[in-house]
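Student: Here it is, the structure in full.
The values are calculated or read from the model by the stated rules, or taken from the named source; none is laboratory data. Bear in mind that the values here come from a model prediction, so they are computed numbers and not experimental data. Note: ideal-geometry Cβ built from the backbone for every residue, glycine included; neighbour counts use all protein chains shown.
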Amino acid sequence: MFSNIFNTTQFIDVSTDKQRSAGTTVFQDLQNPGDYYMETASGHVYRTNKQTVISQTNGCLFDVNHQTTQYCINLRNRYQGKNKPMGYSLILDRNRRLGRIQYISNKRSRLNNTMTISSISTNNDGIVTSSKYFPG
């Protein structure tokens, strides 16, 4: 399924004791700051991205907001017919879950090498940046 080898120098295990006892492992991605990956023993893999939004409110005053987005990165199931949910394919093998994390991280690294600003608002008073550029 995946030919990616999990790079143990790129990811740090930041799981809490409670997460470990529940069968969940959380990794921080060092090449894509702000990205965290969570793999569960049940076969789900999630990516969490933490961004810092900086916007100018009045002249020299800046407003800083922290936003977190989480979503499943498992492959989607094939279409199974009308009125049946698509859902995600479970990845039951831990090595395959780690390979999926490495694949998505490599894909994001290629995108991050070409971008420094994620988006600019329509009236140019705010920018959305990754915590790579504005560490929190």
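Student: Is there any pair with a first residue in the range 91-106 that is part of a loop (DSSP other than H, G, I, E, B) and a second that is modelled with pLDDT of 90 or more whose Cβ atoms are under 8 Å apart and which are 6 or more apart or on different chains, and what are they?
Tutor: Within 8 Å, the pairs are ILE91/GLY43; ILE91/HIS44; ILE91/VAL45; ILE91/ASN74; ILE91/ARG97; ILE91/ARG100; LEU92/GLY43.
Student: Tell me which of these ILE5 doesn't satisfy, since it passes every other one: (1) exposed (fewer than 12 other Cβ atoms within 10 Å of the Cβ); (2) free of Cβ contacts under 8 Å to residues at least 60 places away in the same chain; (3) in a loop (DSSP other than H, G, I, E, B).
Tutor: For ILE5, the exception is condition (2).
Student: Among the residues of the range 8-51, count how many are of a type in the set (Val, Ile, Thr), within 18 Å of ILE91 (Cβ to Cβ) and either part of a loop (DSSP other than H, G, I, E, B) or touching a residue at least 60 places away in the same chain (Cβ under 8 Å) (or both).
Tutor: Matching residues across the range 8-51 total 0.
Student: Restricting to the range 21-54, name every residue that is under 25 Å from GLN67 (Cα atoms) and over 18 Å from the mean Cα position of the chain (by Cα). Give the steps one after another, and end with the answer.
Tutor: We begin by selecting, within the range 21-54, every residue under 25 Å from GLN67 (Cα atoms); these are 24-40, 44-54.
If the condition is that a residue be under 25 Å from GLN67 (Cα atoms) and over 18 Å from the mean Cα position of the chain (by Cα), then ILE54 is the only one that fits.
Student: Now for a separate question. Read through the list (1) assigned to a loop (DSSP other than H, G, I, E, B); (2) modelled with pLDDT of 80 or more; (3) surrounded by 13 or more Cβ atoms within 10 Å (Cβ to Cβ), then give the number of the only condition that LYS132 fails.
Tutor: (2)
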